[in-house]
1. Using Cβ contacts closer than 10 Å as the measure, can you line up B:Leu429, A:Leu51 from fewest to most?
2. Could you derive backbone 3J(HN,Hα) for the range A:19-34 from the dihedral phi with the Karplus parameters 6.51, -1.76 and 1.60 (θ = phi - 60°), listing whole Hz in sequence and x where the residue is Gly or Pro?
3. Longer than 21 Å from Cα to Cα, which of B:Lys72/B:Lys193; B:Lys41/B:Lys81; A:Lys13/B:Lys108; A:Lys13/B:Lys101 are they? Say none if no pair is.
4. Tally Lys and Arg at +1 and Asp and Glu at -1 over the other residues with C-beta under 10 Å from the C-beta of B:His266: what net charge comes out?
5. Computed over the Cα atoms of chain B, what is the convex hull's projected area averaged over all directions, in nm²?
6. Based only on Cα atoms, what mean projected area does the convex hull of the range B:126-188 have, in nm²?
7. How much net charge surrounds B:Thr301 when only the other residues with a Cβ under 11 Å from the Cβ of B:Thr301 are counted, with Lys and Arg +1 and Asp and Glu -1?
8. Explain nothing, just the number: relative contact order of the range B:14-231, from Cα pairs under 8 Å at least 6 residues apart, as a whole percent.
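Where a number appears in this text, it was derived from the coordinates with a stated rule and is not lab data. Given the structure is predicted, the values throughout are model-derived calculations rather than measurements. Backbone-built Cβ (ideal geometry, glycine too); neighbour counts: all protein chains shown.
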Amino acid sequence: MSSLVDEIHELQKLYPEGTRSAVLPALRLAQERHGWLSREAIEEVAGALELTPAYCYSVASFYDMFHLEPVGRHTIEVCTNVCCGLVNAQAVLEAFEGELGIRPGETTDDGEVTLRAVECLGGCSTPTIVAVDHVYRQSVTPEDVPSIVAGLSE
Amino acid sequence: MSETVVRVAEGPALVLAGYEGEPLRSLDAYREVGGYAQLEKARAEDPQTVIQQVIESNLRGRGGAFFPTGRKASFIPTPDKIAKPIYITVNADESEPGTFKDREIMLKVPHRLVEGCLIAAHAIQSKQVYIYVRGEYLEEYESLQGAIDEARAAGILADVEIVVHRGAGAYICGEETALLESLEGKRGQPRSKPPFPAISGVYASPTLINNVESITTIPAVLAVGPEEYAKIGAPPDSTGTRLFCLSGNVARPGVYEAPHGITVRHLIYDIGGGVPDGHELKAVMMGGSSFPVMTPDDLDTPLDADSLGKKGYFIGSGVVTVIDERTCIVQFALRVAQFYMHESCGKCTPCRVGTRWLVQLMRAVEEGTATERDLELTLDVCDRIIGKCLCVLGDSAAMPVASCVTKFRDEFRAHLAHGGCPFGEDSQLAGLFAPVDQHSHTPVAQEALV
């Protein structure tokens, strides 16, 4: 595995010199590597980009996909916006809550799974949309939930 | 693989030309349906001629604002007039609730988007394109990146570079100046305009910003010819076809390419198969969740900007979401308000505070603690948001909420009279959880309600 710093320096080449455009892709990379953006991870990104950790933290804190607290090894994100809601997203979310024994925004005690409700994922014609480790599952019903959760541990 | 129904419903196949169920992901597949022929044609022409053709077609932005695409390109200074690089940014931060067309373009015809980018780059003499793809789109990003890499390997990009920049989860970054801030590695907060992006966009340089569908339509405009294109749809203002996003309580939801000017009723009932299981249409989320809701008496309105505009509606990003009679409209307004509260960037006070206030008011109506005065207060809050912020996010919360209060006043009053929701637990949106409530830093305090 090449070092995170080297990879961030590669990312910088996609943008004009002297700009901060690599911050988002660098934070994404650090999160993929570490699972979440710990203080150390943010300091690593900041060091590679020659920015302050405070600046990188301020950017990271703006965006929903950056985790500033530890999350599970897997993430389950259920769309609960209007289009999915009209076709029972609430029941899908409740099924996940029951199956995992946690509320939206929480992580299972074993640190395996984080459940989140999210805003419109852009799959409105096949509700409910559930992003399982960032891969969209379409037309999810409460009946699908046990097999999705079981599939995580494989 | 996307299960979404994507097809040409009627009229000419333009954005989806050549797509018949099998994604045109490879260069060979795209070339077989005439791919990159328009780029070759455009590159043989003077850049100004290409812009003129897009102006003549009267293609307008498909992201929501419906601004004339050719005219926008004409605002970009030519390289001899400015000693700065000229940039193109494509807005693929598709996040408007009810919108799911740009991702299907990236999945089904990614090379057409690449071709559109390269034609636009030739037209405004730009060498650098950034495509800002919403962070949640993974398969879409991979499909698009694959097309770009293949086109680069085949020498099609020539001296133009296309970089895909991935977002990280923020609805506001679909707003063009917030997108530029985000692309510059900052928090995605909108800028004050002017200066407009055409003069000072990304890196303080001239920047053309277009939605994915707008850019993808450019090769189609050149293929049929601007004069012919301008005759399709509902000329003079709403020319061509567009990808309508049909969802909600409808039998056959999907992405349908059809000419501007078909009626809402035709799209929902003839193309979409109507409201299933004998239910009745109650309202339509028209254009996206950012706009006034449509009532059933307006279903015969043609889907073009002019006809919709006369009745106070917007075509937005082509969204038509059907809501049937099982839905409590107060719950709808509450959930919409929660979305905008969650997505408000916090820069402008009317939006930051107003969206939260709207959530509190809608919740009070839903729970039966509101009074008639709160309905007037809601409309007053909406009034004090609309037009008073740097961007339209606040308006986007206020317009749908105000339209619900105004058009469904009886249902709001029924909540007041009933001391809560008359639907009980039977509404389709009953108890719908909102992401804003899972964040410890944005709790909505009930007792804070005035």
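1. On the way: B:Leu429 23, A:Leu51 17.
If I rank by nearby Cβ atoms, fewest first, I get A:Leu51, B:Leu429.
2. Those phi angles translate into 9, 9, 4, 6, 4, 4, x, 5, 5, 4, 4, 5, 5, 4, 6, 9 Hz.
3. B:Lys41/B:Lys81; A:Lys13/B:Lys108; A:Lys13/B:Lys101
4. -2
5. So the Cα hull casts an average projection of 20.7 nm².
6. 4.5 nm²
7. Charge balance near B:Thr301 sits at -2.
8. The normalised contact order for the range B:14-231 reaches 30 percent.
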